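Structure first, commentary second.
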Amino acid sequence: MGDTVRRAVVEAFYSALTTRDRAALESFLDDKVSWTISGPVDILPFCGQRVGKDEVMALLTRDIPTLLSGLRFAAKALLVDGDRAAVLGRLTATKLEGGRSISYRIAHFIQFRDDKVIDYVSIIDSFDAVEQMLGHSLDAHEGYRVEGDKVAV
């Protein structure tokens with residue numbers, strides 16, 4: 001196990017992340033940070049893996065703002081153990097194209113070294129996020145739907 005991260009450091013990182021404070025964010029990212037957001041990149045282009053501080057900063061300060069505005073994150077639970085933190089929360093934003101509000105659950109798993117993020121994994125409710133980004137429900141059963149108590153094809 002690595003060093004121990006203080007809860008105050010994790011909270012300060014989240015403050016910088018939610019306010020998109022560029023200078024503060026840069027100070028929390030290791031030069032070789034690995035940043036992964038789960039989800040379908042063809043519909044949610046901010047998903048996927050980025051490696052290195054420059055790529056992560058481009059994602060946070062350039063790429064995401066071209067799709068979403070008014071980004072807010074509300075943490076419901078924050079756990080810190082050793083060099084790792086886990087956070088469960090809700091992301092809320094406005095889709096720039098069409099002005100539709102979106103809101104979905106999200107979990108973060110973060111590893112720190114010397115008070116810097118070295119590994120960040122975000123697991124989003126991607127089905128819910130995709131439906132909201134597209135503006136309609138998806139048929140999760142590939143051609144099958146339930147009508148009353150019968151399955152129709």
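Here is the figure for region 41-56: residues that are open to solvent by 60 Å² or more (accessible area, probe 1.4 Å), over 19 Å from Leu96 (Cβ atoms) and out of contact with any Ser or Thr (no Cβ under 9 Å at 6 or more places or on another chain) total 2.
Scanning region 66-86 for residues that are surrounded by 15 or more Cβ atoms within 10 Å (Cβ to Cβ), over 14 Å from Ile102 (Cβ atoms) and either free of Cβ contacts under 8 Å to residues at least 40 places away in the same chain or touching a Ser or Thr at 6+ places or on another chain (Cβ under 6 Å) (or both) yields a single hit, Ala86. The residues of region 22-40 that are more than 15 Å from Phe112 (Cβ to Cβ) and open to solvent by 70 Å² or more (accessible area, probe 1.4 Å), listed by number, are Arg22, Ala23. Within region 88-116, being touching a residue at least 60 places away in the same chain (Cβ under 8 Å) and either under 14 Å from Ala8 (Cα atoms) or out of contact with any strand residue (DSSP E or B) (no Cβ under 8 Å at 6 or more places or on another chain) (or both) holds for Phe112, Asp114, Asp115, Lys116.
Residue pairs whose Cβ atoms lie under 6 Å apart, separated by 6 or more positions or on different chains, with the first residue in region 39-50 and in contact (Cβ under 8 Å) with a residue 60 or more places away in the chain and the second among the hydroxyl-bearing types (Ser, Thr, Tyr), are Gly39/Ser126.
The values are calculated or read from the model by the stated rules, or taken from the named source; none is laboratory data. Everything quoted here is computed from the prediction, not taken from an experiment. Glycine also receives a Cβ, built like all others from the backbone with ideal geometry; neighbour counts cover every protein chain displayed. When the accessible area is computed, the model is the full protein with side chains, heavy atoms only, and any ligands, DNA or RNA have been set aside. Shrake-Rupley method; radii C 1.70, N 1.55, O 1.52, S 1.80 Å.
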